[in-house]
Amino acid sequence: MLKDLHEVNSRGAGIEIADVSGLAPFTYGLEYSAPARGGWTIVHIGMLLPESHQVFVCAQSCLRGVVLSAAELNDSHRFSTISVDEDSVLEGDCEEIIIRGVTHILEEMPKLPRALLLFTSCIHHFLGTDMKLVFGELDRRFPQVGFVQCWMNPIMRKTKMPPDPFMRKQLYSLLEPAEISEKQVNIIGNNLAVRRSSELYRILEENGFALKDICTCRDFEEYRTMAEGCLNIVIHPLGRPAAQELEERLGQRWVYLPVSYNWDEISERWKCLSDLLNLDSKKVWRDMEADRLQQAAEHALRTLAQTLFDWSVVIDYTISSRPLGMARLLVMCGFKVERIYADTISSEEADVLEWLKIHCPRMLVCPTVYHKMAVLPRTFCGEKSGKVLAMGQKAAYFTGTGHFVNMVEDGGLYGYGGILELAGLMEEAAREEKDTEKLIQVKGWGCCC
C-alpha cells in the first residue's frame, strides 16, 4: 500500500503545560531553524565594542553568514576575514596564517582600530592551534591595539560556556584596573541599552550616580571608564560570566537583578539596589513614585486585555529571558495566553511553571527547533479569525500572524516603566498589522552599532 509521506502529524510539537515534566520537555535529533533572525549573533555583539574591528578566521562556507551579518548592518568596514583552506590544515601552519593575515589587514587600514576582535573557529580547536603564540606575536607587532580572543565554534553551543556568553564576557576584557568611583554604576552583559522608560535612571540620577553601559559608549575612551564602576548590574542571565570575571580581575562588585514581570520581584530589585548603594529604600520608592508607576502599568495591561478580550496571545522565548513570567503577568491581567514557544525552560522560572500548571493547564508549550516545525501548517492565526497577538518573532512566524511585538531580549524594557511601555507596544501591535516575512528576516533586532 502506498503511503502519503507528505502527511505530517503534530505529535511531539506541543505539550499541555500541565503535562510538562522537567525543564527540557522535548527530545531532539535533527533540528529546524526558523527564519526569524532578530536574535543577535556574535557579530552583532562584537560590534558593541567602540572603535573596534572584527577578523574572522574560518573556512569560506562558514564565512558566508557572518559576512552577511556585517553587510546588513552596513558595517563591512569594521569587518575582515581570513580564509582557512585545506592546504593550511595539512601544512600545520595555522598560527602563521593568522599572524600574517591580521598583520596584512592592520597594515592596510588607514587608521589602526583601538581594539581587534579575533574570531577563530572549530577547526582551530580540532588542530590545537597555539593561540597564546598568536596573540603574543600580535601584541608585539601592534602594541597600540587591544586584541580580544573570540570564538566562532558552534561545537561549543551546548557546553558550560557557549559562544554567546563567552562573547559577552570578552567584550570587557580590555578594561584595565582603575580608581573606583563610588558614584558610577555599570550595566554589564546586555545587548540592548535599558530604555529611558525604566525607573532605574531616575533612581540613579536623582541620587547623583552615573550609569555606564557598553551599548551607549560613544568611543573607546568612554568604554574604558567602565572600569571605574563601583557596582555592576546584570539584567540578562548570559551576562553573569562577564560580571564574575570583572569581579575577579578588577574587584568590581556585581549583582544579578534580572528582568522581571512580577510586581513584587521588581520591588525587591529596587530595595536590593538601594541597599547596595547605601540609599534609603523607602525614600527611593517615594521619589520614583513606584506605586503610581506600578498602578499605571497594571491599569494599562488590564484595559488592553478588556479591549482584546477575544484575541489569543502567543509568546516565544526570543522576546524575553522570562517568557513564562511574561505569560503569568498577562494571564493575571486578563489576557488569553494560549501558547508559549520555548525549547527549554530556565530553572529561574521553575516556580512560574508550577503556577501556570495550576492556573492555565491547557496552555500549550511548543518547541521551535523540533524538526516537524518545518512542515507543520502555520494556520493558528487563521483559525482565530486573525485575532492573534504574538510576543516575539518566532511566535509570529509559527502562528502566521502579522500582529506581533517585534522585540528580542526584552528590548531594553526594565522595571515598572518597562512594563508600561510594553503595554503600549502590545496595543500598537494589535492595531497595526506588520509585514512579518519582511521584518523577521532582518538579523540582530535593535543593533545599530
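The values are calculated or read from the model by the stated rules, or taken from the named source; none is laboratory data. All figures in this text were calculated on a predicted structure; none of them were measured in a lab. Every residue, glycine among them, receives a Cβ derived from its backbone with ideal geometry; neighbour counts consider all protein chains shown.
A few points about this structure:
- Close pairs from the range 289-314: first touching a residue at least 40 places away in the same chain (Cβ under 8 Å), partner β-branched (Val, Ile, Thr) and surrounded by 20 or more Cβ atoms within 10 Å (Cβ to Cβ), Cβ under 6 Å, at least 6 apart: Ala297/Ile419; Ser312/Val388; Val313/Val337; Val314/Thr399
- Residues within the range 38-81 that are among the aliphatic types (A, V, I, L, M), crowded, with 22+ Cβ neighbours inside 10 Å and assigned to a strand (DSSP E or B), tallied: 1
- Residue match in the range 395-408 (condition: without any contact (Cβ under 8 Å) to a residue 60 or more places away in the chain and under 18 Å from the mean Cα position of the chain (by Cα)): no
- One residue from Arg269, Arg224, Arg286, Arg218 being surrounded by fewer than 17 Cβ atoms within 10 Å (Cβ to Cβ) and in a helix (DSSP H, G or I): Arg286
- Cβ separations smaller than 6 Å between residues 6+ apart or across chains give the following pairs from the range 377-389 residues that are without any contact (Cβ under 8 Å) to a residue 60 or more places away in the chain to residues that are polar (S, T, N, Q) and surrounded by 15 or more Cβ atoms within 10 Å (Cβ to Cβ): Cys381/Thr399; Cys381/Thr401.
- Candidate set: the range 184-215, residues that are free of Cβ contacts under 8 Å to residues at least 40 places away in the same chain and in contact with a Lys or Arg (Cβ under 7 Å, 6 or more places away or on another chain); chosen: the one surrounded by the fewest Cβ atoms within 10 Å (Cβ to Cβ): Gly208
- Criterion (touching a helix residue (DSSP H, G or I) at 6+ places or on another chain (Cβ under 8 Å) and either over 28 Å from Phe119 (Cβ atoms) or at pLDDT below 95 (or both)) met by exactly one of Glu137, Glu206: Glu206
- For the range 84-105, the count of residues that are under 22 Å from the mean Cα position of the chain (by Cα), surrounded by 18 or more Cβ atoms within 10 Å (Cβ to Cβ) and not hydrophobic (A, V, I, L, M, F, W, C) is zero.
- Residue within the range 315-323 that is farther than 28 Å from Ala396 by Cα and either buried (at least 22 other Cβ atoms within 10 Å of the Cβ) or touching a Lys or Arg at 6+ places or on another chain (Cβ under 9 Å) (or both) present: no
- Scanning the range 82-96 for residues being assigned to a helix (DSSP H, G or I) and either free of Cβ contacts under 8 Å to residues at least 24 places away in the same chain or more than 20 Å from Cys62 (Cα to Cα) (or both) gives a total of 6.
- Test: residue in the range 112-120 that is modelled with pLDDT under 95, part of a loop (DSSP other than H, G, I, E, B) and among the β-branched types (Val, Ile, Thr): no
- Candidate set from the range 334-351 (those that are of a type in the set (D, E, K, R) and touching a residue at least 12 places away in the same chain (Cβ under 8 Å)); member that is farthest from Ala13 (Cα to Cα): Glu348
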